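Structure record follows, encoded as structure tokens.
What follows is calculated from the coordinates using simple rules that are stated; it is not laboratory data. Predicted, not measured: the structure shown is a model, and the values here were computed from it. Every residue, glycine among them, receives a Cβ derived from its backbone with ideal geometry; neighbour counts consider all protein chains shown.
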Amino acid sequence: MKSQQAPPTLSSSEAGAWFAGRIPDGWFTAPPRVSLDNDEILVFGTLPDVDLGAGASDADRATARRSRIAGWREDTRDRRIQIAGEAQHRFRRKVSWAADCGGEEAAFTTLGLPVMTRLRMQDRAVLDTLIDAGVARSRSEALAWCVRLVGRHQAEWIQSLRDALTAVEQARGQGPEA
């Protein structure tokens, strides 16, 4: 049985710098934002907004923006695959891409990984209620819905936890060697 080696330690800023150096000029209006975990790197870039003139409706702008993202995705596919392959070899993580155009966002090739958890009857009842109400088709989909809901409505609290963890990592890095 082949043992799976842990991915190398990598910061978002280090990965961001690497991608900024590899991504062709002109793809994005600013350096890409990079977020990562132990499994995946998400490269998120901002595309130039569309210009439809003053009389365009919000619906037309949204359509044009989605179209710009879809066109960029198709036009850059081969090069993105090449860059992702290099990054996956280097960082031992899958690479996903996302783009924003005037507030319209789209992510593609993102991972959906299974997560195992043990739930007591009360917790399972919550998931089953979501299924019975048609919010989700399965317990795993209901659990994913709950996670998105917490992330959306508790974003400030989640960010303060992330900031605290970053401070802990920085303190560890400044500590004595073992």
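By DSSP, the beta bridges lying fully in the range 8-111 are antiparallel in about 55 percent of cases. Membrane-span-like helices in the chain (whole DSSP H runs, Cα extent of at least 27 Å along the helix axis, mean Kyte-Doolittle hydropathy of at least -1.0): 155-174.
Springs between Cα atoms under 10 Å define the GNM used for the chain, and in it the highest mean-square fluctuation of Asp37, Asp163, Asp25 occurs at Asp163. Out of all DSSP beta bridges in the chain, what portion is antiparallel? Express it as a percent rounded to 5. Close to 55 percent.
The relative contact order of the chain comes to 17 percent, based on Cα pairs under 8 Å that sit 6 or more residues apart. Shown here: P(r) over Cα pairs in 5 Å bins from 0, in percent, derived from the displayed model; of the candidates (i) 1, 8, 17, 22, 22, 17, 9, 3, 1, 0; (ii) 1, 6, 11, 13, 15, 15, 15, 11, 7, 3, 1, 0, 0, 0; (iii) 1, 8, 14, 18, 18, 15, 11, 7, 4, 2, 0, 0, it corresponds to (ii). Exposure proxy for Thr117, Thr129: other Cβ atoms within 10 Å of each Cβ, ordered fewest to most, give Thr117, Thr129.
Taking 0.36 nm per residue of separation and subtracting the current Cα-Cα distance, fully stretching the chain between His153 and Arg77 would add 23.9 nm. Under a model in which nothing but the beta-carbon of Lys, Arg (+1) and Asp, Glu (-1) is charged, the chain shows a dipole of about 640 debye around its Cα centre. When the Gaussian network model of the chain links Cα atoms closer than 10 Å, the mean-square fluctuations of Ile69, Ile131, Ile23 top out at Ile131.
Between Ala30, Ala54, Ala87, the residue with the greatest mean-square fluctuation in the GNM of the chain (Cα pairs under 10 Å linked by springs) is Ala54.
Using the Cβ of Asp39 as centre and a radius below 12 Å, the other residues enclosed give a net charge of +1, where K and R count +1 and D and E count -1.
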